[in-house]
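Asks: Handing you a structure now.
The values are calculated or read from the model by the stated rules, or taken from the named source; none is laboratory data. Just so we're clear, the structure is a prediction, and the values are computed from it rather than from any experiment. Every residue, glycine among them, receives a Cβ derived from its backbone with ideal geometry; neighbour counts consider all protein chains shown. Accessible surface is based on the protein model in full, side chains and every heavy atom, while ligands, DNA and RNA are left aside. Shrake-Rupley method; radii C 1.70, N 1.55, O 1.52, S 1.80 Å.
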Amino acid sequence: MSADAALTGAEVLLRALKDQGVEVIFGYPGGAVLPIYDALFQQNAIRHVLVRHEQGAVHAAEGYARSTGKVGVVLVTSGPGATNAVTGLTDALMDSIPVVCLTGQVPTHLIGNDAFQEADTTGITRPATKHNYLVKRPEDLARAVHEAFYVARSGRPGPVVIDLPKDIVIGKAPYTPPASGHPSYRPQTEPDHGQIAKAIALLKQAKRPMIYTGGGVINAGPAASAALTQFVRSTGFPITNTLMGLGAYPASDPQFLGMLGMHGTYEANLAMHGCDVLLAIGARFDDRVTGRLNAFSQGSKKIHADIDPSSINKNVPVDVAIVGDAGRTLEALVAAWQADPTQSDRQALTTWWRQIDAWRAKESLKFTQDMKLGSIIKPQHAIRRLYELTRSVQKDIFITTEVGQHQMWAAQHFRFEQPNHWMTSGGLGTMGYGLPAAMGVQVAHPEALVIDIAGEASVLMNIQEMGTLAQYRLPVKVFILNNQYMGMVRQWQELLHGGRYSESYSAALPDFVKLADSFHAVGLRAESVDQLDDVIREMLTIDRAVIADIAVDPKENCFPMIPSGAAHNEMILGAEHEGEAAGITDEGLVLV
Amino acid sequence: MPDTTLRSATISVLVENEPGILARVVGLFSGRGYNIDSLTVAAVESGGARSRINIVTSGTEMVIEQIKAQLDRLVPVHRVADLSLEGPHIAREMALIKVAGVGEKRVEALRIADAFRARVIDATHESFVFELTGATDKLDAFIDLMRHLGLAEVSRTGVVAIARGVRTI
């Protein structure tokens, strides 16, 4: 036997992680993982960041993964450690984020005995992960770790759990280096060129084309975003991004119509509704994007490129399906567009742009901010000022959010020019995501400016991570739009439930300035519009963690809005567009 | 409008025989609200490295395509074959059927069993256990006939299926 046989399971685990290029683990110790923590203590190759709650560890790993393109790694103990991680895992599954989560488990001979801190982790996490493993034999350990990383990052990325019984990590185990490939999981990355040709033929004939891209383009790496930009510019077509896809195409570009969907812009949604050829890449036609399905973009031929065949024809039947990596697909589209001598219909395109510009002239994101001294701050204005005042910052800027109105306003009013700089919980809609995700981003990018645009209700769901910020001197800025309500719940109650604000008001909110202080951070507060810029400027000069508590108008609603059960052309616009509201149907009321 | 016609599909799935694979497949069906009309599973390779799962399900064309795509993206799945779509196939199941009774009904049960080529594999003075193999509708028909003749208990395997000719999964 080689010297490798002298390693313990814990040492084999760390060696496998190192061979997978892991630099940081977000975790929390406990009985079942003590041998792993002991091995971590005796090495320097891998850093450990001690979180304050296991959900925070997974979101931090997500932030790390989304801002670097690498796999995020989590280490938690058995039982409650694992169950606390489930929300984060489900979040990563819904948003296709590569995460490997190592969970401790009771020793193999106690599994099934209701032992202390035992939970059926592989059973519980099966629907919350892309795949999971329970390592029952020492000789399977190294292979399981390597496979987990391969599965997490290949194809449509996602979270993978490796459940590690304590006897497996204590006992001796052989080490095997990473193998290439996988016996059964081999996702198709190269698009079929026949399908590319069909897509180009449709696009060349389009009179009212529309491009709609999602998180798949971000997941495919910066080269995919570059190819997307090249394709959009060479076609001259309009483009919209999903919430997950923001940053794949530069927001400042005139061909960009803003985000689409429930809180998307008027021009993006109406262009989706009225187009005759729709090209979707790395997006999944989810209900927040499509609105009422039987009214969704009825007049268009649809081309759908996705790495996950199960995303194609799931909600919306399409005419041309392309299975493959978004980057490879876009490169193939660029090449085929240029190689095809057919002229696209420039005249029709000009007419189409004239129509889009008319929609754009509606300024659907418009809001009115009273600039008088002492006036209440509009949340949209706070985000606009945050955006404008950060333009002069000579740092890479990353934005995370919690979930709710502030998240939608951030998506609407903060402009993203490049991929991997915007992290938000899209699919699962996890309140409490933003602070730990920002923490993970800051760990990966110590010199960057990382801002969590938060709501006061969401941020309290993982506020304990302020302790982690303090311990590792992570200068994350928590920018709270404080309206004292669960704003999106309040908005729906106003619009759909007769203004009965059942349990959506947070009485007895903490004093966020004192709260920041108690967590060794700096607390700032803006009560009125004249104080806003100073607070933002001060926040940006502080090299420690900051909570900026921005008191905003509690009555402000997030518009435009496609009410549940409505179609893209039945959008409600804000107060600036009185008399154009669409009704909400009984069928719509059932939807979330 | 999307096609709302329902069809039945017999899907065979070749999987890596690892712990939890059946739970993964069943969980996929329950989690996404698909029907399982029948499910069978057994190791099909020497050494038990791979298992074959046969699922009979029903849904619209779009749902069945979705089921196949969802099955195919499970990590331990090697291959998914829609036998109802990919050409002629044979599907069989086996049932053990207990019929209790005396006198004329007992004789009639035996007569029908003979017509269906069911074998008697257990007999007492008050009962028979028939073994019957065949297509699902043949089993259904036989069981239906036995209802009036003292049907006491049924145990069925569920469908196993395979393509006709040289084609393999």
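Asks: Using amide H atoms built 1.01 Å from N in the peptide plane, name the residues 5+ places from residue A:25, or on other chains, whose amide H lies under 5 Å from its own.
Replies: A:47, A:48, A:49
Asks: Also: How far is helix B:104-116 tilted, in degrees, relative to the longest principal axis of the Cα atoms in chain B, given as a value from 0 to 90 rounded to the nearest 10?
Replies: The helix B:104-116 is inclined about 40 degrees to chain B.
Asks: What order do A:116, A:256, B:29 take when sorted by accessible area (1.4 Å probe), most exposed first? Can you show the working numbers first?
Replies: Working: A:116 170, A:256 25, B:29 0 Å².
Descending accessible area places them as A:116, A:256, B:29.
Asks: Would you list A:243, A:75 from the most to the least accessible area, probe 1.4 Å? Please list the in-between numbers first.
Replies: On the way: A:243 30, A:75 0 Å².
The residues order as A:243, A:75, largest area first.
Asks: Taking the dipole about the Cα centre of chain A, with the C-beta of Lys and Arg at +1 and of Asp and Glu at -1, give me whichever of A:297, A:460, A:71 is farthest to the positive side.
Replies: Positive-end residue among those listed: A:297.
Asks: Return the lysines within reach of residue A:314: Cα separation strictly under 23 angstrom, same-chain partners fewer than 8 residues apart disregarded; answer none if there are no such residues.
Replies: Excluding near neighbours in sequence, the set is A:130, A:198, A:301, A:302, B:68.
Asks: What distance in nm lies between label points placed 7 Å from Cα along the C-beta direction at residue A:253 and residue A:391?
Replies: About 2.0 nm separates the two model spin labels.
Asks: Counting only heavy atoms of protein chains, what accessible area per residue, in Å², does the protein assembly as shown have with a probe of 1.4 Å?
Replies: Details: 31160 Å² over 761 residues.
Each residue of the protein assembly as shown exposes 41 Å² on average to a 1.4 Å probe.
Asks: Continuing with the same structure: Relative contact order of chain B, please, whole-number percent, based on alpha carbon pairs below 8 angstrom and at least 6 residues apart.
Replies: On the way: 320 pairs, mean separation 45.0, N = 169.
It rounds to 27 percent for chain B.
Asks: Once Lys and Arg get +1 and Asp and Glu get -1 on their Cβ, which of B:160, A:53, A:349 lies farthest toward the positive end of the dipole of the protein assembly as shown?
Replies: Sorting the options by dipole projection puts first B:160.
Asks: A further question follows. To the nearest 0.05, what FRET efficiency results for residue B:92 and residue A:569 with a Förster distance of 51 Å applied to their C-beta separation? Can you show the working numbers first?
Replies: Values: r = 53 Å, r/R0 = 1.04.
The calculated FRET efficiency here is 0.45.
Asks: Could I ask something else about it? Just to confirm my numbers, what's the Cα centroid distance between the stretch A:251-309 and the stretch B:104-169 in Å?
Replies: Spelled out, the Cα-based centre of one part sits 54 Å from the other.
Asks: Quick one: if the Förster radius is 51 Å, what FRET efficiency do residue A:342 and residue A:182 give, using the C-beta to C-beta distance and rounding to 0.05?
Replies: Values: r = 41 Å, r/R0 = 0.79.
After rounding, the FRET efficiency stands at 0.80.
Asks: To the nearest 10 square angstrom, how much accessible area does residue B:130 have with a 1.4 angstrom probe?
Replies: Accessible surface of residue B:130 is approximately 0 Å².
Asks: Please compute the contact order of chain A in relative form: average sequence separation of alpha-carbon pairs under 8 Å and at least six residues apart, divided by the residue count, as a percent.
Replies: 14
Asks: Could you compute how much accessible surface residue A:233 exposes when probed at 1.4 Å, giving the result in Å² to the nearest 10?
Replies: 130
Asks: Under 18 Å from the Cα of residue A:172, which lysines turn up, not counting those fewer than eight places away in the same chain?
Replies: Within the straight-line cut-off, residue A:172 pairs with A:136.
Asks: Would you tally the net charge around residue A:258, using a Cβ to Cβ cut-off of less than 10 Å, leaving residue A:258 out, and scoring K and R as +1, D and E as -1?
Replies: Values: positive: A:360, A:415; negative: A:267.
In short, +1.
Asks: Run the helix sum for chain A: -39,500 (n - 2.57) per DSSP H stretch of 4+ residues, divided by residue count, reported at 222 nm to the nearest 500 deg cm²/dmol.
Replies: Details: 23 runs with 222 residues, N = 592.
For chain A, the value works out to -11000 deg cm²/dmol.
Asks: Continuing with this model, one more query. How long is the gain from residue A:355 to residue A:108 if the chain were fully straight, where each residue apart is worth 0.36 nm and the alpha carbon distance is subtracted?
Replies: Values: separation 247, 0.36 × 247 = 88.92 nm, distance 6.59 nm.
Net length gain for the segment: 82.3 nm.
Asks: Shape of the stretch B:15-99 from its Cα gyration tensor (a ≥ b ≥ c, root eigenvalues): rounded if a/c is under 1.5, otherwise prolate when a/b > b/c, or oblate? Display every interim value, and only then the final one.
Replies: Numbers: a/c = 1.38, a/b = 1.04, b/c = 1.32.
Rounded, because the longest to shortest axis ratio a/c is under 1.5.
Asks: Note down the net charge around residue A:345, summing +1 for each Lys or Arg and -1 for each Asp or Glu among other residues with Cβ under 11 Å from its Cβ. Could the numbers behind the result be given before it?
Replies: Values: positive: A:204, A:207, A:208, A:346; negative: A:276.
Net charge around residue A:345: +3.
Asks: Ok, one more. With the cut-off at 1.5 for a/c, could you classify chain A from its C-alpha gyration tensor as rounded, prolate or oblate?
Replies: Numbers: a/c = 1.91, a/b = 1.25, b/c = 1.53.
Verdict is oblate for chain A.
Asks: In debye to the nearest 20, how big a dipole does the protein assembly as shown give about its Cα centre with +1 on each Lys and Arg Cβ and -1 on each Asp and Glu Cβ?
Replies: Values: 69 positive and 82 negative charges, 264 e Å.
Dipole magnitude for the protein assembly as shown comes out near 1260 debye.
Asks: Report the full-extension gain for the segment residue A:590 to residue A:543: residue separation times 0.36 nm, less the Cα-Cα distance, to one decimal in nm. Please report the intermediate quantities before stating the final value.
Replies: Details: separation 47, 0.36 × 47 = 16.92 nm, distance 4.70 nm.
Result: 12.2 nm gained on full extension.
Asks: Within a 10 angstrom radius of each residue's Cβ in A:179-186, how many Cβ atoms of other chains show up on average? Whole number is fine. Intermediate results must be reported in sequence, preceding the final value.
Replies: Numbers: counts 0, 0, 0, 3, 6, 12, 7, 1.
Rounded to a whole number, the mean comes out at 4.
Asks: Same structure again: Let me cross-check residue A:520: its accessible surface, 1.4 Å probe, with only protein heavy atoms counted, in Å² to the nearest 10?
Replies: Taking all protein chains as shown, residue A:520 has close to 130 Å².
Asks: Another one. Let me check I've understood the local charge: for residue A:520, count other residues with C-beta under 12 angstrom from its C-beta, Lys and Arg +1, Asp and Glu -1. What total comes out? Working shown, then result.
Replies: Numbers: positive: A:473, A:544; negative: A:517.
After counting each charged neighbour, the total is +1.
Asks: Here's a follow-up. So how far, in whole Å, is the C-alpha centre of the stretch A:57-95 from the one of the stretch A:501-542?
Replies: Centre-to-centre distance over Cα atoms comes out at 28 Å.
Asks: Related question: Mind checking which lysines have their C-alpha under 26 Å from residue A:395, skipping anything on the same chain fewer than 8 residues away?
Replies: Result set, ordered by chain and number: A:70, A:477.
Asks: Follow-up question, since we're still on this one. Got the relative contact order for the stretch B:89-161 handy, in percent, Cα pairs under 8 Å and 6 or more residues apart? Kindly include the intermediate steps, with their values, before the conclusion.
Replies: Details: 132 pairs, mean separation 38.0, N = 73.
Relative contact order here is 52 percent.
Asks: Taking H as built 1.01 Å from N, whose amide H comes closer than 5 Å to the amide H of residue A:482, not counting residues under 5 places away?
Replies: Amide H neighbours of residue A:482, under 5 Å, 5+ apart: A:550, A:551, A:552.
Asks: So how do A:433, B:34 rank on accessible area, 1.4 Å probe, biggest first, that is with the largest at the start? Don't jump to the answer; show the numbers that get you there.
Replies: Details: A:433 0, B:34 35 Å².
Sorted descending by solvent-accessible area, the residues read B:34, A:433.
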